[in-house]
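Asker: Here it is, the structure, as structure tokens.
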Amino acid sequence: MPAVTAEAVKALVETETSVQLRPRYEGSNINTWIGFKHVNYLVEEAILEHFRAAGLGSRLLFEEYGLGLDVVDLDTRILHAFHQDDVARAVVVPKAPDAGQLLGFTVVLYVERDGKELKAVTAKAKVALRVDGYLERAAVPAELARFTVERIGALTEPGEHHGAEVAVAANTALSEGRGTSGADPVLALLLAGSNAFGWKWRIPYPYCHFNERLALSGYLRQVEEVVDLFLADRGISIKTLLDDRKWIPVVPHSRIQFLDEALMEEDLYTVFTVEEVFKDFTYTARTDFYVVRDGRLVQTATGRITHGYAVFENRRDWSLVTFDDRVVRAFNGEPAAH
């Protein structure tokens, strides 16, 4: 077993690193622009490269020491859009670990435009080294012990409905389509009295890592999907506005924060709540995630996302637009004007 040295840990928590990365082709859904989910993937990959540079790659940490590397808090602001074939220069700067043993980092992504390097993305992240309990427990080196947690989210405050007793409905079987936004007693509780949309969905294997846990990438995919369903439910689906106006949704800010762990094949309740429409230009929404265990709600994550719309003028250029009455009414949950 390779030894974890004090020098490796010192490099991890004190040394800035830089790496070049390209966004993945999958993230380009409209023209050649890269969506927020894949921008966040770049941030996550930069952090993984930082661990590798210190000699503490995620594979080594898990296979040798039984530690799963999880990005458990990611707050990202996008200042300039990425396109296919762009190269990002990612700079990772460690921050002092907080009182809860989580490792902190700031990440900046730079991109070249017209011969100049621009700051395209800024992000703040926290990383947990979670002790694996699925397999036989491994010995954790003393140099890493202060950064490990027995369970993700044990140090965070639960949400409003956390611990509430609930009755569940068996409506996520394969014969039922694996998910629902329809009648469900838990969704009814979570949505009551709010300008929100809810979706119940069975967590599949491809969204998980370290044998059973829903990964950061899975939550990001879930945010993207619930926005898609919310817009369709409000009568302004992405395809509708794309066809009618050549409008595309843009995301200048997103955040995901883990509060607990969500496990493979559990039913995940995702609640998307519109909080504010700002000057008919952007809207902010909160996304909360829950599972039900032993008849009680457990909130596993929360986050926020800021959305706007852009109209594309050609295959390369776009500009932001102001919401019209139809779109504002949809965001506010009001009936369309006639």
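No value in this document is a laboratory result; all are computed from the given coordinates. The model shown is predicted, which means the values in this text are computed figures rather than measured ones. In this analysis, Cβ positions are derived from the backbone assuming ideal geometry, glycine residues included, and neighbour counts consider all displayed protein chains.
Asker: On average, how much area does the Cα convex hull of segment 156-338 cover when viewed from any direction, in nm²?
Answerer: 12.1
Asker: For segment 196-246, what is the convex hull (Cα atoms) projected area averaged across all directions, in square nanometres?
Answerer: Working: hull surface 17.7 nm².
For segment 196-246, the mean projected area of the Cα convex hull comes to 4.4 nm².
Asker: Pulled fully out, how much extra length does the chain show between Glu7 and His80, if you take 0.36 nm times their separation in residues and subtract their Cα-Cα distance?
Answerer: Values: separation 73, 0.36 × 73 = 26.28 nm, distance 3.63 nm.
My answer for the length gained is 22.7 nm.
Asker: Right, another one. Taking amide H atoms as placed 1.01 Å from N in the peptide plane, list the residues 5 or more away in sequence, or in a different chain, whose amide H sits under 5 Å from that of Ala164.
Answerer: Distant-sequence amide H within range of Ala164: Leu297.
Asker: Are any of the pairs Lys37/Lys239; Lys124/Lys279; Lys37/Lys124 more than 22 Å apart by Cα-Cα distance, and if so, which?
Answerer: Going by Cα-Cα distance, Lys124/Lys279 fall outside the 22 Å limit.
Asker: Sort all Cα-Cα distances of the chain into consecutive 20 angstrom bins from zero, then give the percent of pairs in each bin up to the one containing the longest distance.
Answerer: Bins of 20 Å from zero give 29, 56, 15, 0 percent of pairs.
Asker: Whats the longest run of the chain with zero GluC sites (Glu not before Pro) that are DSSP loop and have at most 14 other Cβ atoms within 10 Å?
Answerer: With GluC sites (Glu not before Pro) excluded where exposed in loops, the chain gives 17-135 as its longest stretch.
Asker: When a/c is below 1.5 the answer is rounded, else prolate if a/b is larger than b/c, else oblate, so apply that to segment 105-221 with a ≥ b ≥ c taken from the square roots of the Cα gyration tensor eigenvalues.
Answerer: oblate
Asker: For Ala336 and Thr106, what does the FRET efficiency come to when R0 = 45 Å and r is the distance between their Cβ atoms, rounded to the nearest 0.05?
Answerer: Values: r = 43 Å, r/R0 = 0.96.
FRET efficiency, Ala336 to Thr106: 0.55.
Asker: With a Förster radius of 25 Å, plug the Cβ-Cβ distance of Arg316 and Asp243 into 1/(1 + (r/R0)^6) and report the FRET value to the nearest 0.05.
Answerer: On the way: r = 20 Å, r/R0 = 0.81.
FRET efficiency, Arg316 to Asp243: 0.80.
Asker: What length, rounded to one decimal in nm, is gained on full extension from Arg293 through to Arg146, with 0.36 nm per residue of separation minus their alpha-carbon distance?
Answerer: Values: separation 147, 0.36 × 147 = 52.92 nm, distance 2.97 nm.
Gain in length upon complete extension: 50.0 nm.
Asker: Could I ask something else about it? What value, in deg cm²/dmol to 500, does the helix sum -39500 (n - 2.57) over DSSP H runs of n ≥ 4 give at 222 nm once divided by the residues of the chain?
Answerer: Calculated from helices alone, the mean residue ellipticity at 222 nm is -7000 deg cm²/dmol.
Asker: Further, regarding this structure: Spelling out what I want: for every residue of segment 112-118, take phi, set θ = phi - 60°, compute 6.51 cos²θ - 1.76 cosθ + 1.60 (Karplus), and round to whole Hz; glycine and proline get x.
Answerer: Result, ordered by residue: 8, 9, 6, x, 10, 8, 10 Hz.
Asker: In nm, what is the difference between 0.36 nm times the number of residues separating Glu16 and Ala232 and their Cα-Cα distance?
Answerer: Here the segment from Glu16 to Ala232 would lengthen by 73.4 nm.
Asker: Additional query: Return the loop-located trypsin sites (Lys or Arg not before Pro) in segment 89-145 (DSSP other than H, G, I, E, B) with at most 14 other Cβ atoms within 10 Å of their own Cβ; answer none if there are none.
Answerer: Arg137
Asker: Over 28 Å apart: what share of the alpha carbon pairs of segment 1-152 falls there, rounded to a whole percent?
Answerer: 25
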